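The values are calculated or read from the model by the stated rules, or taken from the named source; none is laboratory data. Nothing here was measured: the structure is a model prediction, and the numbers come from that model. Every residue, glycine among them, receives a Cβ derived from its backbone with ideal geometry; neighbour counts consider all protein chains shown.
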Protein chains: 2
Amino acid sequence: MIHEAMRYTLVSGGKRIRPVLCIAACELVGGNEDTAVPAASAVEMVHAMSLIHDDLPCIDNDDLRRGKPTSHKVFGEHVAVLAGDALLVRAFEHMAASTKGVPPMRVVRAIGELAKSVGAEGLVAGQVMDVKPEGLSGDVGLERVEFIHLHKSAALVEGAVVLGAIMGSGSEEEVERLRMFGRCIGLMGQIVDDILDVTKSSVELGKTTGKDMVADKLTYPKVLGLHKYMEIAHKLVEDAKEALALFDAQKAAPLLAVSNYIVDKIN
Amino acid sequence: MIHEAMRYTLVSGGKRIRPVLCIAACELVGGNEDTAVPAASAVEMVHAMSLIHDDLPCIDNDDLRRGKPTSHKVFGEHVAVLAGDALLVRAFEHMAASTKGVPPMRVVRAIGELAKSVGAEGLVAGQVMDVKPEGLSGDVGLERVEFIHLHKSAALVEGAVVLGAIMGSGSEEEVERLRMFGRCIGLMGQIVDDILDVTKSSVELGKTTGKDMVADKLTYPKVLGLHKYMEIAHKLVEDAKEALALFDAQKAAPLLAVSNYIVDKIN
């Protein structure tokens, strides 16, 4: 039952952007993609866990995810909570047990980075802020939205890229450049999702749309108005490209392709 | 809010048996206790997380823990879910970032062991089985109870001892002996708790008692009858002592003291 629930969300057809970024970052710094595969899988497990817990009745109360009933709808709430827990620890177990060809000190560091991107300063922090929006107006609202986006959405994308760079034995400068790249496209991804939530139908997206607006959730479209979205998204693409300027343009092509893929969804 | 919720359960006055065991195991194999302190803290964080999630309305639905309202009663269900998640990843982050004086390869191994003791083959597996007891009778019930105890309760105690032995640079044989010791006293601890749940009042224990019986939960007292409890508990103390026979008796005294402390609660 628990394994079935873990697999249900893990293999439910996401776009695998985080693992792709992790492996691409590893290759960009000259590493062999094999060394980043366990980290890439770990990031996807953490992502799946965050979806399961976010969809819970006590958090976002979502019935539909990627066109399918959410985990707690299929397996019950208690299994959904525990399957999320199990996926979270499996991520760390997998990185610790399956990473090959990387100095153990780098594995330890990567595990610390993954944990940081998820915890009370990362993804979870964003989710906590997202659940309880209090009265907001003007700049306060924007700051809050930025906090939520930065933590809830960008942290794990940033983590994926950083993990790849660490596993690929990137230099400190390479790791920090890629961290900035990851943060930019993580933010960009969330902005794009917010916009699609407003502008597309649930059939097209395979999830309940307009829900964030109805649920009084904080989104950029709401705080800034839809008309500013393109400006911000394009500024982030530029920042992302800037962060990659250090690298050979040809080698950086796969990462640039991912950032173009994200922003193209709203073009 | 999230940090407050994390601290609330973490510092709510448990007996710290797991960290004590972790550090004692480290010292028993000749290690410096400092090397095991981050692992010991990590185990306590995982334990706190398991309490928070176990108490949730969709799992055990407990209002009282250690004489205080449970996490979701104080902070709300959504914060309780997320505080548990944050504690879980903080455990791995802390081990990765704060362990000093231990070869990184051992840190990686210890992280893998901790994850294994929590995940779908450990604590979480036990909790999943515990929530949905189906029709049971005779041996089937006993097997199921053993599975639950072994996973839900013994796994993390075993993990604590194993982590200490790894951090203390114990040999393979020492690690495996201590694993057996940890498993025995982990099982013993759960049996003792089950018995106290039946025989003591909630005022004495600071939690809702008799609840496991009422909630149709599987316990040794229920499946075996209370009269067999002492036999099993004492057998486990003997097995635990046997597992320590390899070590110098004087050095093993702290671990033996913990096992005596546990069994003495029902004497």
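Of all residues in segment A:3-50, those satisfying the criterion of being surrounded by fewer than 21 Cβ atoms within 10 Å (Cβ to Cβ) and within 14 Å of chain B (Cβ to nearest Cβ) are A:3, A:4, A:7, A:8, A:10, A:41. Annotation: residue B:78 fulfils all but one of (1) more than 7 Å from every other protein chain (Cβ to nearest Cβ); (2) touching a helix residue (DSSP H, G or I) at 6+ places or on another chain (Cβ under 8 Å); (3) without any contact (Cβ under 8 Å) to a residue 12 or more places away in the chain; the unmet one is (1).
Looking only at segment A:247-267, filter to residues that are surrounded by 13 or more Cβ atoms within 10 Å (Cβ to Cβ) and part of a loop (DSSP other than H, G, I, E, B); which one of those is modelled with the lowest pLDDT? The residue in question is A:266. Against the test of being touching a residue at least 60 places away in the same chain (Cβ under 8 Å), surrounded by 12 or more Cβ atoms within 10 Å (Cβ to Cβ), of a type in the set (A, V, I, L, M) and out of contact with any Gly (no Cβ under 8 Å at 6 or more places or on another chain), the options A:244, A:236 yield a single qualifying residue, A:244.
You will find that of A:81, A:131, the residue that is at pLDDT below 95 and either among the charged types (D, E, K, R) or over 17 Å from residue A:43 (Cβ atoms) (or both) is A:131 and no other. For the residues A:33, A:77, A:44, the requirement of being in contact with a Lys or Arg (Cβ under 7 Å, 6 or more places away or on another chain) and not aliphatic (A, V, I, L, M) singles out A:44.
Okay, residues lined up against (1) at pLDDT below 95; (2) charged (D, E, K, R); (3) assigned to a loop (DSSP other than H, G, I, E, B):
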| site | (1), (2), (3) |
| --- | --- |
| A:163 | no, no, no |
| A:175 | no, no, no |
| A:179 | no, yes, no |
| A:183 | yes, yes, no |
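Is it true that some residue in segment A:81-92 is more than 9 Å from chain B (Cβ to nearest Cβ) and more than 18 Å from residue A:160 (Cα to Cα)? Walk me through how you get there before you give the answer.
Here is the first cut: in segment A:81-92, the ones more than 9 Å from chain B (Cβ to nearest Cβ) are none.
So far as segment A:81-92 goes, no, none of its residues is more than 9 Å from chain B (Cβ to nearest Cβ) and more than 18 Å from residue A:160 (Cα to Cα).
Scan segment B:104-122 for residues that are free of Cβ contacts under 8 Å to residues at least 12 places away in the same chain and over 14 Å from residue A:92 (Cα atoms) and the total you get is 2.
So is residue B:54 at the interface with chain A (Cβ under 8 Å from one of its Cβ atoms), touching a residue at least 12 places away in the same chain (Cβ under 8 Å) and acidic (Asp, Glu) or not? Taking the combined requirement at face value, the residue does not satisfy it.
Checked against (1) in contact (Cβ under 8 Å) with a residue 24 or more places away in the chain; (2) at the interface with chain A (Cβ under 7 Å from one of its Cβ atoms), residue B:96 meets all criteria but (1).
Filtering B:29, B:46 for residues that are under 15 Å from the mean Cα position of the chain (by Cα) and under 20 Å from residue B:179 (Cβ atoms) leaves a single hit, B:46. Condition first: within 24 Å of residue B:246 (Cβ to Cβ), under 17 Å from the mean Cα position of the chain (by Cα), within 11 Å of chain A (Cβ to nearest Cβ) and in contact (Cβ under 8 Å) with a residue 12 or more places away in the chain. Can you find one or more residues in segment B:123-131 that meet it? No, because not a single residue in segment B:123-131 is within 24 Å of residue B:246 (Cβ to Cβ), under 17 Å from the mean Cα position of the chain (by Cα), within 11 Å of chain A (Cβ to nearest Cβ) and in contact (Cβ under 8 Å) with a residue 12 or more places away in the chain.
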